[in-house]
Every structure is written in structure tokens, then in C-alpha cells.
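The values are calculated or read from the model by the stated rules, or taken from the named source; none is laboratory data. Only a predicted model underlies this, so the values are computations on that prediction, with no experimental measurement involved. Here the Cβ positions follow ideal geometry from the backbone for every residue, glycine too, while neighbour counts run over all protein chains shown. Note: accessible area is taken over every heavy atom of the protein model, side chains too, but ligands, DNA and RNA are not part of it. Shrake-Rupley method; radii C 1.70, N 1.55, O 1.52, S 1.80 Å.
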Amino acid sequence: MNATERMAAAIALKPVDHIPNAPFQEAPICRYFGRTFRSALLEDQDMADCHLQSIDAFQFDWVMVGMGLIGGIIPEAMGCTIKWPEDVFPIIEKTTVFSIEDVDRVGQSNVHTKRMERFLKGISILKERLNGEVPIACEYISPFTIATRLRGTNEIMLDMYKNPGLVRSLQDVIVPLDIEIGRLLIEAGVEYIFYGADMECPLLMSPKHYKEFVDPPTTQTVNALSKMGARVLPHMCGSIIKTGIVDMLLEMDMHGIMPGNLTQSSVLDIRELKEKVGDRMAIFDNLNPNGPLLIGTPEEVEKDTLEHLERARGMSGYLFSTAGTTSPNTPRANFDAMNHTVLNFK
């Protein structure tokens, strides 16, 4: 099997020749192989070169891009003021929605910006160079998470109590823009769209508010992307089983669940998630990126990784991954230890 075949089989809960190796790797590999961190996130040729080197070095079963997209390109296209440092992620210096009067302006946003074009060109270069052997995944954000970028997290959380009409209206105008961004990604060569849903996760929001404010626009967007041919994967931290949010996710046209951290030091039990999901959907693992991988030794990383792999032994539709964003400061020796353990697991 090549990586494309292996990933597709696992997502379909079919047998694979070995466990798919699909961690959140974009941030560290941009440091390991990028000309600068910013260029590897955003600038077509350097982005492509960085990821091609990482595939050669680590034999990942997918290429993962998009952190510059969700953190800078999208909010800038919709009116935020963004700072673009060379050595860290893009920074939102000024939000763009201050009242209901700003919503219509957001709805008129043109997402076909020069930065977007350059990012999409990088995906196209990768698609051509990978020649169908390795699939491309792109991080993506829901209408609610985009709304938090435009309005501010504290502000929009308060709006759900004091100004709920703004929360709904803002997402209403974002939905078609979000779908258009998804279309552009798919046309450029993205096969897997995973959306980081931490702004609407149980750590920040009650199930009641999720159902009322987040579920309808997210369902609309996810189902539209799936109809376009993408495999859609939600990533969400927090207790998604006990809160019942996983039940709402399972009603969407999704293809796999990427659980995250419960706390900085603990992660969701994927066996518990498997019992809940059964054979309805594939499950990505969630090795803690804040644990030994970041602050331990290679020996501790190997032990942690083996524990995850053994716990998932025999599980259908299982893919190895990390519980969300891996720090750009992850030591290369630790990343090598995790990767080597996955590739050599029998």
C-alpha cells in the first residue's frame, strides 16, 4: 500500500498493511526544514519543499498544512489586522467585528486574496510532486471559530448570553465564505479537511450552547464539503463523550474523529471513544503533544507512543496521531523517537 491507499483503507475501517502515521506535524517540520517558519507556513515553493523533505525524512502517511491559513489568511481576508512574524504563528492584532453593523461587511469579504492564492499554489505544487502517493490534509475552521477570530473569543462567548443575534448573524454570513474556502482547498488538491474545533469544545462551551449556536452552521458547512468530495475530520479537545457533543458530530457527514486533550496533561481514552463510535467512523489517536514529546527524553517518548499503539491494537479504523497541534519547539530527537516507534510497531 502507498500512503494514499493506507489512509483511505483506515478511514473506511478496512485492513491496512501497517498503522497509518498521521500526526499533527506541520509546526515542528516547518522549524526542521523551512527556510523560515513563516515561509514554510505560507509561501508556496518553500511550503512545498519543506513538506516534501519531511515526507522523505519521516514517511508520514499524509502532508498536513493550514496553520497559517486558519491563523492569518482567513481572518485577514475577512478584515482583521494581522502581524506576520518570521519565527512564530501569525498574530491577530485587531479584530474586525465590534457590533451587528459590521456583519454585512464581513459577508462581502473576498477570500481570493494574494496570500490565499500563494497558499493554494503551494498545495498545487505538493499535489503534483506527490503524484497521488501521499494525500494532502489541510486544517480548517468552522464558522463559529472564524467568528471568534473576527469578534474576539471573550466577546463572542459573552455575546451568546447578551447578544445572541450577533453570534447567529455573523455565522450566517461566514458559512458561504467558509464553504468557498473549502472548495478552493479541494480544487487545489486537498483530500482531507480537518477542522480544529477548540473554540467550541467542552472546555469552553456547554453542550446546550454548542447545540444552539454551533451545530447548525457547522453541519451545513461540513456536509457541503463532504458533498464536494473531501473527507472531513473534526478535531476537538475536552470530554466530547460525557457532554454528548460526539453524538452531534456523528450526525454530520464526517469520516473520522480526532480527539484532543482533556487537560494539559491528560487525553481522552480512545478505547472509550471507540466503544461509543463503534464502526460508524474512524478514530485518530491522541498522543499528548505537551507531554514527553515536548518536555521528555526520546526514551520517554518511545514508551508513551508504545502505550498508545498497544492500547489501540486490533482496533479497526485506527490511525496514529497526536492530540492536536505539536509545538514548533518539539525537540527533533523526540519527534524522531515517536516516528520511529510508529513505523516499527508490529
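Over all pairs of different C-alpha atoms in region 175-244, the reciprocal of the mean inverse distance, the Kirkwood hydrodynamic radius, equals 12.8 Å. Need the C-alpha centroid separation for region 175-197 versus region 290-346, integer Å. Value for the Cα centre distance between the two parts: 28 Å. Using the Cβ-Cβ distance between ARG311 and ARG280 with R0 set to 25 Å, the FRET efficiency works out to roughly 0.80. Its Kirkwood hydrodynamic radius, worked out from the mean inverse distance over all distinct Cα pairs, puts region 1-127 at 16.2 Å.
Under conditions of 20 °C and 1.002 mPa s, region 257-343 yields 164 µm² s⁻¹ as its translational diffusion coefficient, taking Rh as the Kirkwood radius over Cα pairs in the Stokes-Einstein equation. Rounded to the nearest 20, the size of the Cβ-charge dipole of region 264-334 about its Cα centre is 220 debye, with Lys and Arg at +1 and Asp and Glu at -1. Temperature 20 °C, viscosity 1.002 mPa s: under these conditions the Stokes-Einstein estimate for region 251-300, based on its Kirkwood radius over C-alpha pairs, is 174 µm² per second. According to the calculation over all Cα-Cα pairs in region 210-322, the P(r) per 5 Å bin from zero is 2, 11, 21, 21, 18, 13, 8, 4, 1, 0 %. Largest first, the extents of the alpha carbon coordinates of the chain on the three principal axes equal 58, 43, 37 Å. Each Lys and Arg adds +1 at its Cβ and each Asp and Glu adds -1 at its Cβ; summed about the Cα centre, region 198-245 shows a dipole of about 160 debye.
As a length-normalised measure over Cα pairs under 8 Å and 6 or more apart, the relative contact order of the chain settles at 20 percent. Rank THR221, LEU262, LEU294 by how far each Cα sits towards the positive end of the charge dipole of region 197-314 (+1 on Lys, Arg Cβ; -1 on Asp, Glu Cβ) and give me just the farthest. Value: THR221. What the Cβ-Cβ distance of LEU343 and HIS112 gives, at R0 = 45 Å and to the nearest 0.05, is a FRET efficiency of 0.70. Specify the residue with the greatest mean-square fluctuation among ARG168, ARG115, ARG311, computed from a Gaussian network of the chain linking alpha-carbon atoms under 10 Å apart. In the Gaussian network model the winner is ARG311.
Here each label is just a point 7 Å from Cα along the line to Cβ, and for GLU5 and GLU86 those points are 4.4 nm apart. About the centre of its Cα atoms, region 1-90 shows a dipole size close to 220 debye [charges on the beta carbon of Lys, Arg (+1) and Asp, Glu (-1) only; nearest 20 debye]. The simple spin-label model puts a point 7 Å past each Cα toward its Cβ; for ASP253 and THR153 those points are separated by 3.2 nm. Taking the longest Cα principal axis of the chain as reference, the axis of helix 298-311 is set at about 80 degrees.
Please work out the FRET efficiency for the pair ILE100 and THR297, using the Cβ-Cβ distance as r and a Förster radius of 45 Å; give the result to the nearest 0.05. The value I calculate is 0.25.
Ignoring aspartates and glutamates fewer than eight residues from LYS14 along the same chain, the ones with Cα atoms less than 12 angstrom from its Cα are GLU5, ASP279. Largest to smallest in accessible area, the residues GLU128, GLU272, GLU299 fall in the order GLU128, GLU299, GLU272 (1.4 Å probe, all protein chains included). Residue order by solvent-accessible surface for ILE19, ILE283 is ILE19, ILE283, largest first, with ligands and nucleic acids left out and a 1.4 Å probe.
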